[in-house]
Amino acid sequence: MNAPARIARLPSVCPHDCPSACALDVEVVEGRTIGRVHGARDQTYTAGVICAKVARYAERIHHPNRLLHPLKRVGRKGGGDFARISWDEALDTISEKFLAAERQFSAESVWPYYCAGTMGRVMRDGINRLRHAKKYSGFFSTICINPAWSGFIAGTGKMMGPDPREMAKADCVVIWGTNAVSTQVNVMTHAIRARRERGAKIVVVDVYRNDTMKQADLALCLRPGTDGALACAVMHVLFRDGHADRTYLRKYTDVPDELEAHVGTRDPAWAEAITGVPRTEIEAFARLVGTTKRTYFRLGYGFSRSRNGAVNMHAASCIPAVTGAWQHEGGGAFHNNAAIYHWDQTIIEGTDVRDPAVRVLDQSRIGAILCGEAEALHGGPPVKAMLVQNTNPVSVAPDQTRVQQGIAREDLFVAVHEQFMTETAAMADIVLPATMFLEHDDIYSGGGHQYIMLGGKLIDPPGECRSNHEVICAIAKRVGAEHEGFRLTPRQLVDRTLRNSGWGGIERLDEDKWIDCQPPFDEAHFINGFANPDGKFRFKPDWPNVRFTNVGMMGPWQAIPSLPDHWPVIEEADADHPFRLATSPARSFLNSSFNETPSSLAREGRPTVMIHPADAAGLDIGEGDKVVLGNRRGEVKLNARLFDGVRRGVVISEGVWPNVAFEDGKGINTLTGADCIAPFGGAAFHDNHIWIRKAR
Ligand SMILES: Nc1nc2c(c(=O)[nH]1)N[C@H]1C(S)=C(S)[C@@H](COP(=O)(O)OP(=O)(O)OC[C@H]3O[C@@H](n4cnc5c(=O)[nH]c(N)nc54)[C@H](O)[C@@H]3O)O[C@H]1N2
Ligand SMILES: Nc1nc2c(c(=O)[nH]1)N[C@H]1C(S)=C(S)[C@@H](COP(=O)(O)OP(=O)(O)OC[C@H]3O[C@@H](n4cnc5c(=O)[nH]c(N)nc54)[C@H](O)[C@@H]3O)O[C@H]1N2
Ligand code: SF4
Ligand SMILES: [Mo]
């Protein structure tokens with residue numbers, strides 16, 4: 001008889017690029033394999049709830065297709081033929097190529113490229129230490145947060161807000177531009193608690209009737225990129241109907257009279273024409289937030305992924321400044337808690353050896369950069385060698401056709417460190433197998449909550465997988481990069497970073513698992529003033545001085561309207577492109593992650609576009625028909641689903657599928673643009689005009 005399996009339940013943290021950063025309770029079987037993954041019950045934000053795809057993590061970590069050994073390309077680029085090599089050969093090759101590029105084209109011809117495939121600070125950001133120590137090209141990480149964060153900081157002065165758990169103490173929760181049921185499930189935990197315990201109303205503002213909108217008491221379905229108009233009309237009604245808190249406005253805001261005069265011309269009829277939302281719904285929304293002081297605006301990323309996204313984010317954050325909701329428990333606006341941790345990552349990132357003269361290249365413009373566009377390269381040398389960690393740009397980056405062209409250049413050397421043979425790894429010269437989060441040590445902090453958390457190594461990695469830190473240190477040694485951080489273990493880096501940031505040492509986390517970093521009420525609600533030099537919330541942002549980045553202004557920022565408004569710089573529909581496309585997240589994928597696990601693939605089905613039945617009828621398109629979506633950037637073939645939960649003229653395609661799941665290998669990002677958006681760059685993933693036709 002077999003003895004029953006020994007199952008331990010050990011703490012960890014979900015490493016994926018998700019604001020929820022869940023605290024986990026992981027079943028480890030016989031010290032070797034992962035069983036079911038649970039949400040930690042004793043962490044107050046996670047509160048025992050995690051998403052289904054991470055609950056089934058055993059499927060991803062023990063996936064038969066995991067990369068297990070270093071590989072080198074044999075045959076043509078992207079041809080798919082690789083041969084197994086040793087770690088020494090792989091690391092020697094990478095170092096020789098980097099040194100050769102440096103000799104011939106200068107250090108700036110090497111471009112380490114990464115994203116947030118893991119949110120662990122050591123494994124995500126350590127690549128910057130190699131960059132800075134070697135003066136390799138800089139990296140401006142624009143693809144995700146820039147319009148959202150800069151738009152929020154434009155008003156408040158700081159990326160923080162009321163305790164996320166206060167959502168449960170609100171009388172109204174406005175879930176704006178985030179499909180929380182799919183993308184950060186714990187928002188729903190706290191919002192629904194407010195409904196259950198206090199009878200709170202849930203409002204959802206989105207561009208389609210997604211799983212979150214289905215939960216709403218009041219659902220506002222607008223056209224993509226028009227949230228600024230909605231916010232202005234709401235403020236119009238608040239002033240008009242006496243719901244503006246004039247005492248608060250005088251004490252806490254910069255130009256309340258100018259704002260009132262300005263939104264006086266932005267009434268619900270004006271906004272209806274822009275947003276498509278009936279004026280009666282706008283009035284109802286304004287009345288609700290105007291008469292409910294404890295209104296918590298939970299502002300997501302989705303409505304910032306447009307060319308006017310920063311302006312829209314700022315406009316939404318202005319509403320609680322008009323009602324004075326910020327003063328109340330359960331009131332105010334929240335996007336992310338990044339600033340409360342005051343991280344000092346010098347030891348991880350090597351910022352102490354950064355040379356500010358080195359050029360900084362824009363992550364989102366990887367296509368133009370690899371295709372050698374002089375302006376994208378800031379007039380400097382071409383990119384000749386890359387190390388890619390934690391990201392899959394061939395699938396996820398905008399302007400995909402250019403990315404595919406650029407990365408296929410025969411004179412470009414690419415090393416990709418990955419868990420799977422992604423579409424980016426498939427284009428590499430050298431592929432390195434990476435550990436997963438349960439196989440290495442790291443530290444995490446929540447964007448959507450207020451904890452710092454430790455995630456320790458629980459099992460050994462399979463095959464010859466190595467962590468990002470091991471790879472960075474091994475390359476550093478071979479290319480002669482010097483920094484103390486290369487001589488420390490991940491736990492030592494965590495310990496030093498915690499101490500330098502004012503959180504004590506790692507022992508505290510070994511004991512307590514996490515640190516609750518929530519600032520006091522007055523600070524989180526800006527009771528002592530907002531984080532701008534004059535202490536006021538800014539209706540009129542000083543964009544060049546928004547404390548978000550020192551990389552500099554980008555895009556047509558000088559044309560940004562001075563007060564909250566509808567900024568008409570989106571890709572409007574026109575005669576050639578009668579439809580607007582948003583490329584929203586899929587519930588069972590996380591960006592391109594999980595698009596390799598069988599259960600996620602089964603749940604998502606196949607690449608699909610949701611079209612309003614009346615629009616489909618006009619195009620002679622029926623349920624399940626193959627259709628072509630196109631614009632000047634390219635064409636994509638997928639399957640139609642008739643769906644009346646969108647405005648006419650708007651279509652939605654969920655999920656970053658592998659490009660190969662589409663006919664012709666052209667993925668959804670073939671249609672998205674990489675033009676630079678104001679004021680600090682970013683990618684307008686939900687702002688695309690397109691044509692649609694039935695495929696023959
Ligand atoms: N399941 C799943 N979870 C994820 C991800 C995923 O891909 N799948 N991605 C992760 C990452 S990297 C991030 S940054 C977060 C992002 O998570 P969110 O903050 O939720 O942002 P988005 O995923 O971009 O889009 C959210 C919603 O905004 C809607 N939207 C698009 N355009 C507009 C608009 O103009 N106005 C309004 N009001 N709504 C609009 C979209 O239709 C979508 O329903 O989620 C993370 N979590
Ligand atoms: N059409 C469309 N495109 C989008 C979006 C959209 O809404 N619509 N959203 C955009 C957003 S918000 C983002 S943030 C980007 C994200 O795009 P990506 O960063 O590319 O997405 P992820 O799937 O989170 O992670 C990428 C890879 O990191 C790898 N990885 C995970 N952990 C580790 C590790 O420890 N070491 C190494 N070496 N690799 C690891 C995973 O295997 C995965 O293949 O996508 C963007 N692309
Ligand atoms: S909700 Fe987000 S953080 Fe939580 S387990 Fe799922 S992917 Fe991870
Ligand atoms: Mo993201």
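Brief remarks on what is shown
- Residues considered: 273, 333. Of these, the only one that is open to solvent by 40 Å² or more (accessible area, probe 1.4 Å), of a type in the set (Gly, Ala, Ser) and closer than 18 Å to residue 220 by Cβ is 273.
- Residues located in segment 140-158, provided they are within 11 Å of ligand 4 (Cβ to nearest atom) and closer than 11 Å to residue 305 by Cβ: 143, 144, 145, 146, 148
- Qualifying residue in segment 56-78 (condition: in contact (Cβ under 8 Å) with a residue 60 or more places away in the chain, of a type in the set (Val, Ile, Thr) and either within 16 Å of ligand 2 (Cβ to nearest atom) or over 15 Å from residue 461 (Cα atoms) (or both)): yes
- Whichever residue in segment 506-546 is aliphatic (A, V, I, L, M) and within 27 Å of residue 324 (Cβ to Cβ) and, among such residues, is surrounded by the fewest Cβ atoms within 10 Å (Cβ to Cβ): 527
- In this structure, residue 115 does not qualify as open to solvent by 20 Å² or more (accessible area, probe 1.4 Å) and within 14 Å of ligand 3 (Cβ to nearest atom).
- From the options 8, 90, residue that is open to solvent by less than 60 Å² (accessible area, probe 1.4 Å), assigned to a strand (DSSP E or B) and either at pLDDT 95 or above or within 30 Å of residue 665 (Cα to Cα) (or both): 8
- For residue 603, the conditions (1) of a type outside the set (Val, Ile, Thr); (2) more than 21 Å from the chain's Cα centre (by Cα); (3) within 16 Å of ligand 2 (Cβ to nearest atom) all hold with the exception of (3).
- Being modelled with pLDDT of 95 or more, more than 32 Å from the chain's Cα centre (by Cα) and buried (at least 20 other Cβ atoms within 10 Å of the Cβ) holds for only one residue in 241, 245, and it is 245.
- Residue in segment 483-499 that is closer than 24 Å to residue 25 by Cα, open to solvent by 60 Å² or more (accessible area, probe 1.4 Å) and in contact (Cβ under 8 Å) with a residue 40 or more places away in the chain present: yes
- The test for being among the polar types (S, T, N, Q), surrounded by fewer than 24 Cβ atoms within 10 Å (Cβ to Cβ) and more than 30 Å from residue 585 (Cα to Cα) holds for residue 265.
- Every residue from segment 152-183 that is out of contact with any strand residue (DSSP E or B) (no Cβ under 9 Å at 6 or more places or on another chain), within 16 Å of ligand 1 (Cβ to nearest atom) and either closer than 27 Å to residue 209 by Cα or without any contact (Cβ under 8 Å) to a residue 12 or more places away in the chain (or both): 181, 182
- Residue 50 falls short on exactly one of the conditions (1) in contact with a Leu (Cβ under 8 Å, 6 or more places away or on another chain); (2) within 16 Å of ligand 2 (Cβ to nearest atom), and that condition is (2).
- So residue 406, is it of a type in the set (Gly, Ala, Ser), in contact (Cβ under 8 Å) with a residue 40 or more places away in the chain and touching a Leu at 6+ places or on another chain (Cβ under 6 Å): yes
- Residues of segment 502-521 satisfying the condition of being assigned to a loop (DSSP other than H, G, I, E, B) and either in contact with a strand residue (DSSP E or B) (Cβ under 7 Å, 6 or more places away or on another chain) or closer than 22 Å to residue 24 by Cα (or both): 503, 505, 513, 517, 518
- Count - residues of segment 11-44 that are in a loop (DSSP other than H, G, I, E, B), over 12 Å from residue 446 (Cβ atoms), open to solvent by 20 Å² or more (accessible area, probe 1.4 Å) and away from ligand 2 (no atom under 16 Å from the Cβ): 5
- Extreme residue, nearest to ligand 2 (Cβ to nearest atom), among residues of segment 402-419 that are open to solvent by 30 Å² or more (accessible area, probe 1.4 Å) and not small (Gly, Ala, Ser): 419
- Residue list for segment 547-574, restricted to those being over 30 Å from residue 256 (Cβ atoms), outside the structural domain of residue 531 (by TED's automatic domain parsing) and surrounded by fewer than 19 Cβ atoms within 10 Å (Cβ to Cβ): 572, 573, 574
Yes or no, residue by residue, for (1) in the same structural domain as residue 597 (by TED's automatic domain parsing); (2) away from ligand 3 (no atom under 11 Å from the Cβ); (3) within 25 Å of the chain's Cα centre (by Cα); (4) farther than 17 Å from residue 419 by Cα:
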position: 13; (1), (2), (3), (4): no, no, yes, yes
position: 18; (1), (2), (3), (4): no, no, yes, yes
position: 23; (1), (2), (3), (4): no, no, yes, yes
position: 28; (1), (2), (3), (4): no, yes, no, yes
position: 41; (1), (2), (3), (4): no, yes, no, yes
position: 48; (1), (2), (3), (4): no, yes, yes, yes
position: 52; (1), (2), (3), (4): no, no, yes, yes
position: 87; (1), (2), (3), (4): no, yes, no, no
position: 94; (1), (2), (3), (4): no, yes, no, yes
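- Filter result (more than 30 Å from residue 190 (Cβ to Cβ) and open to solvent by 10 Å² or more (accessible area, probe 1.4 Å)) within segment 442-463: 457, 460, 461, 462, 463
- Inspection of segment 101-108 identifies no residue that is within 16 Å of ligand 2 (Cβ to nearest atom), in contact with a strand residue (DSSP E or B) (Cβ under 7 Å, 6 or more places away or on another chain) and of a type outside the set (Phe, Trp, Tyr).
- All of 55, 8, 40, 83 fail the test of being more than 16 Å from ligand 1 (Cβ to nearest atom) and more than 25 Å from residue 511 (Cβ to Cβ), apart from 83.
- Summed over segment 279-297, the residues that are open to solvent by less than 40 Å² (accessible area, probe 1.4 Å) and assigned to a loop (DSSP other than H, G, I, E, B) give a count of 1.
- Every condition in (1) more than 29 Å from residue 340 (Cα to Cα); (2) polar (S, T, N, Q); (3) more than 16 Å from ligand 1 (Cβ to nearest atom); (4) in a loop (DSSP other than H, G, I, E, B) holds for residue 588 except the one numbered (3).
- Of 101, 47, 83, all but one fail to be among the small types (Gly, Ala, Ser) and open to solvent by less than 20 Å² (accessible area, probe 1.4 Å); the exception is 101.
The values are calculated or read from the model by the stated rules, or taken from the named source; none is laboratory data. Not measured: the values here are computed from a predicted model. Cβ coordinates were reconstructed from backbone atoms using ideal geometry, including for glycine residues, and neighbour counts include every protein chain displayed. For the accessible areas, the whole protein counts, side chains as well, though only heavy atoms, and no ligand, DNA or RNA atoms are used. Shrake-Rupley method; radii C 1.70, N 1.55, O 1.52, S 1.80 Å.
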